[in-house]
């Protein structure tokens, strides 16, 4: 079952006299690697007459860089998006929506590399389905 959410974000600035603005950065766009599919995305900026350039920051986020040529008395930003909020199990591996694989993630199915103290502690537990440590401490 699919569940869609519509998000609308609006920020409005008003100035009592015309102002010259330096470069503006807008960080209101979901990451492409997000597990939540974005059905639609739109960025609207007022007033008209600006230069828009998309960049990617060091963390992989898309950043809109805006430059205005004229002085402004207002600056409006509106972002609207529709996200598909269908439930998914984060422990199941899904490479893409078309090619879904319901096998457990490998990182959770094998014990982590750890030191001898932790290995000794974990040896008191039995390994359950999917690599998790099931059962309890045996009282040694």
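Taken together, the values in this text are just the output of simple stated rules run on the coordinates, not laboratory data. The structure displayed is predicted, hence computed values, not measured ones. Cβ placement follows ideal geometry from the backbone for every residue including glycine, while neighbour counts extend to all protein chains displayed.
Sorted by average packing, counted as other Cβ atoms within 10 angstrom per residue and highest first, what order do 75-81, 64-70, 117-123 take? Don't jump to the answer; show the numbers that get you there.
On the way: 75-81: 16.6, 64-70: 14.0, 117-123: 11.3.
Packing proxy ranking, top to bottom: 75-81, 64-70, 117-123.
Given their separation in residues at 0.36 nm each and the Cα-Cα distance between them, residue 4 and residue 61 gain 18.2 nm when the chain is fully extended.
Separation of segment 70-87 from segment 1-57 is 4 Å, based on Cα centroids. FRET efficiency for the pair residue 120 and residue 88, taken as 1/(1 + (r/R0)^6) with r the Cβ-Cβ distance and R0 = 41 Å, rounds to 0.70.
A straight chain from residue 38 to residue 12 at 0.36 nm per residue would run longer than the Cα-Cα distance by 6.9 nm. Seen from all directions on average, segment 4-84 presents a Cα convex hull projection of 5.7 nm².
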